[in-house]
């Protein structure tokens with residue numbers, strides 16, 4: 001956002017193409033295909049690579065009320081675990097502590113089994 005504001009701040013703003021170029025510059029990789037899929041299609045997003053970075057995965061749920069669960073991979077490497085820990089540590093934001101740690105710290109229990117972090121509701125197939 002800072003780079004986009006620096007480049008395009010003012011009265012004229014930026015085009016969608018300029019936004020993708022700026023995001024690509026910041027990330028160090030071409031994000032054109034990512035933004036195309038995310039914003040210009042109805043294709044399902046593949047979250048597996050992003051989740052794997054943190055040692056997480058989606059798995060089908062045994063609970064009929066939910067379609068999936070987000071779990072810590074049982075084969076997560078120490079590097080993946082460290083990334084997840086850094087992601088979920090509380091941080092200071094305008095003099096108040098913000099963080100996801102209560103939910104995530106619980107994962108340290110039951111070390112042998114994958115810990116469910118959250119569950120997703122099944123999509124309704126009912127027409128309204």
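Kindly put 39, 51 in sequence by how many other C-beta atoms sit within 10 Å of each C-beta, fewest to most. Please report the intermediate quantities before stating the final value.
Working: 39 9, 51 17.
Ordered from fewest to most neighbouring Cβ atoms within 10 Å, 39, 51 come out as 39, 51.
Contour minus end-to-end for residue 43 and residue 85, with contour as 0.36 nm per residue of separation and end-to-end as the Cα-Cα distance?
Values: separation 42, 0.36 × 42 = 15.12 nm, distance 3.08 nm.
Between residue 43 and residue 85, full extension yields 12.0 nm more.
How high is the FRET efficiency between residue 29 and residue 59 when r is their beta carbon distance and R₀ equals 25 Å, given to the nearest 0.05? Don't skip to the answer; put the middle values down first.
Working: r = 28 Å, r/R0 = 1.10.
Plugging the Cβ-Cβ distance into 1/(1 + (r/R0)^6) gives 0.35.
Say each of residue 50 and residue 18 gets a label point 7 Å from the Cα, pointing the same way as Cα to Cβ; how far apart are those two points in nm?
In this crude spin-label approximation the distance works out to 2.5 nm.
Values quoted throughout were computed directly from the atomic coordinates according to the rules given, and no laboratory measurement underlies them. The structure displayed is predicted, hence computed values, not measured ones. FYI the Cβ positions are ideal-geometry reconstructions off the backbone, even for glycines, and counts take in every protein chain you see.
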